[in-house]
Amino acid sequence: MEGAVDAQSLISMSLMKIHSSRTQRGGIKLHKNLLVSFVLRNARQVYLKERYAQIYRMQQYQEVLTVCDEIQELDPLDPLDPDLEEPGQDAALPGCGKDPDPPDPPDYPSCCLEAPLSHCTRTTVLDLDTHVVTTVENGFLHQDCCCAAPQCAPDPNPEPPDPNPDPAPRKRKGGFRSSEEEEEEVSDFTGSRKRLKREDGPEPNPEQLDSSNISNLISIFGSGFSGLLSRQADLEQICSKQALASLGAWTRAIVAF
Amino acid sequence: MKCFSRYLPYIFRPPSTILSSTCHTEADIISTVEFNSTGELLATGDKGGRVVVFQREQESKTQPHRRGEYNVYSTFQSHEPEFDYLKSLEIEEKINKIKWLPQQNAAYFLLSTNDKTVKLWKISERDKRPEGYNLKDEDGRIRDPSTITSLRVPVLQPMDLMVEATARRVFSNAHTYHINSISVNSDLQTYISTDDLRVNLWNLEITDRSFNIVDIKPANMEELTEVITSAEFHPQHCHTFAYSSSKGSIRLCDMRQAALCDRHSKYFEEPEDPSTRSFFSEIISSISDVKFSHNGRYLMTRDYLTVKVWDLQMENKPLETYQVHDYLRGKLCSLYENDCIFDKFECVWNGSDSVIMTGSYNNFFRMFDRNTKRDVTLEASRENSKPRAILKPRKVCVGGKRRKDEISVDSLDFSKKILHTTWHPQENIIAVAATNNLYIFQDKVN
């Protein structure tokens, strides 16, 4: 498969397609959106693989740095006075130059394995046959969970508490759904939008990713999109059920429109 | 394949088309073409909901070179745009499919469908009209009975031939999702209409009731992974039909087994080759068309890059696979970007099931001879199609040096696509729809 850069543009393209399919004549085409969701899933898999590889490399780099530090501390030529140890001395050791503020990829793999599955989000779906609108509390948001968990890096944008906690599915008449749903989803998923923006922050080419468009679309499709990334092998224990559910939630969200 | 390189091309355009084909209106784009069972009539449907029917001229001894040209026979508006107020959705008037009923009397019948509604149209001729009424005069005004002094018998007088189309049945409100195909049963009493998740069986006489015979909608839509893309009745066995899926599989169902045919009697699928896996594997394996052979022994399927012929007795792999335009495999990303990867190409058999045909881009269409294993690429274009001209085979250059007549992959025009083609049931006459133009090619006879 192609590399992570292509995966990003595919994700962006796919979300735009799904978004524009909502307004095209004739209504949403189930077949086309299903195919687009497959591309989205595939691209997300590759994207994550690349990110995990990057994180793994970063972690290994950190370990090397730690070893370098230890070696440096044990250097017999240095005075044993800890006051003389300066950060600048690190630069003397090539290859161990420490970037004081390394780019901050969200270290969600490790913390996802530890974090409890606490956070819930909603999907609003319309069954086209029965015309019933259902608001369901879904499984968990992969990255939401990570960023909300205390084990993770401190959260500069603290997640606002869920303004409308409502564990029971609500049913509404289909006729008035469009405007009400939009408002509800925007308020519910503001938090996820912020989190996604932070994750996309370190990307070298933000224009390419078009993160604001993606964030807006994420806010519409909610947990279904994030759940798509839960296919990695090392996350399967936690995410296997949600993997299927999330792809389906994606499709349901598509059907809803 | 000598016979396929000699053609008498005729170009037909719908009446409202602007002269230049590059600035046509969206409504004129042809969305389906279909010969009737004798080949005497050819129907086209377009995005504007219109149906145009062509009729073949009788061969005349005085003009032998005009051997069976097709002329416009009838034009009518089949479907109008509608609005579903409950779901706030516009329903397109585009004609998705037309299927003819075999002729049983003087009139012709066809089924035409858009995304939601199937209609049965009767096309009949009127060449006489009654004249000489007593109670009304020639203009139709009622006469005062007190002024009538004598009676006469009205007589039928010849008139200019008028072809009128009337909607005899409207089959509506049976599909939640978009109808992609219709197929008339060999019993000539029933037909099926198919959308993304369901197949419904209708009686041609009954419009307020249909039977759902296939339903692949999962109880939980989260588990949806495939949709139905096309369905067709077996040409001889009235209890058998096949439907194709977006996952590249075909299921054969027997209606005698159960009322709900969710359990297939045969399942055709070729395992995916893992070495060709890409982001777009699911898209290019989705089947866009399925057609039984005329003899009922084979099935043909079209996916994005190939056409496959399946033997009904062998489910684990196709009998034959033909590459339509494999040079596009390396361009799937840009084809995804411009949405071309979602194009649904159709495929057709010739009357003897020895040749199969399907369309491609740049107004190319391809024919594969199953016996000689030879294939040809032809182009439907105005420049190459003077009357009685012979179509020249075209070739796409995949890399390296491009020869003089070849066209390189990057020069292909992806806005010019041939999605719909049809083959005369007995003769070598083909109709090819290229955007808003219809090309009819005939085999030259010496």
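No lab work stands behind these numbers, since they all come straight from the coordinates. The model shown is predicted, which means the values in this text are computed figures rather than measured ones. Because the Cβ atoms are built from the backbone with ideal geometry, glycine has one as well, and the counts that use them run over all protein chains shown.
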| Residue among B:Ser88, B:Ser172, B:Ser244 with the largest mean-square fluctuation in a Gaussian network model of chain B, springs linking Cα atoms under 10 Å | B:Ser88
| So what are the ³J(HN,Hα) numbers for segment B:82-93, from phi and the Karplus equation (6.51, -1.76, 1.60; θ = phi - 60°), rounded to whole Hz, Gly and Pro as x? | 10, 10, 8, 6, 5, 9, 6, 10, 8, 9, 5, 8
| said: Tell me the Rg and the Dmax, in Å, that the Cα atoms of segment A:1-72 produce. | reply: 19.3, 69
| message | As an exercise, identify the trypsin sites (Lys or Arg not before Pro) in segment B:95-185 lying in DSSP coil whose Cβ has no more than 11 other Cβ atoms within 10 Å. | response | B:Arg141, B:Arg152
| task | Give the long-range amide H neighbours of B:Met300: residues separated by 5 or more places, or on another chain, with amide H under 5 Å away, using H modelled in the peptide plane at 1.01 Å from N. | result | B:Lys291, B:Phe292, B:Ser293, B:Trp310
| note | Between B:Thr32 and residues 5 or more places away or on another chain, the pairs with built amide H atoms under 5 Å apart involve B:Gly45
| query | Per-residue HN-Hα couplings for segment B:389-405, Karplus 6.51 cos²θ - 1.76 cosθ + 1.60 at θ = phi - 60°, whole Hz, x for Gly and Pro? | reply | 7, 9, 6, 8, x, 10, 9, 9, 8, 8, x, x, 6, 8, 7, 4, 8
| Environment charge of B:Ser246, counting only residues whose C-beta is closer than 9 Å and scoring Lys/Arg +1, Asp/Glu -1 | -2
| query | Amide H of B:Thr229: which non-local residues (sequence gap of 5 or more, or other chain) have their own amide H closer than 5 Å, using H built in the peptide plane? | reply | B:Ser244, B:Ser245, B:Ser246
| Taking Rh as the Kirkwood radius computed over C-alpha pairs, what is the Stokes-Einstein D of chain B at 25 °C in a medium of viscosity 0.890 mPa s, expressed in µm² per second? | 103 µm²/s
| request: May I ask which of A:Lys32/B:Lys87; B:Lys395/B:Lys416; B:Lys291/B:Lys344; B:Lys308/B:Lys404; A:Lys32/B:Lys373 have a Cα-Cα span longer than 23 Å here? | output: B:Lys308/B:Lys404; A:Lys32/B:Lys373
| Taking Cα pairs under 8 Å and at least six residues apart, what relative contact order does segment A:1-72 come out at, in percent? | 43 percent
| task | Let me know the mean shielding of B:130-137 by other chains, meaning the per-residue number of their Cβ atoms within 10 Å of its Cβ. | result | 0
| query | Where in chain B lies the longest segment free of chymotrypsin sites (Phe, Trp or Tyr not before Pro) that are both loop residues by DSSP (not H, G, I, E, B) and have at most 16 other Cβ atoms within 10 Å? | reply | B:134-413
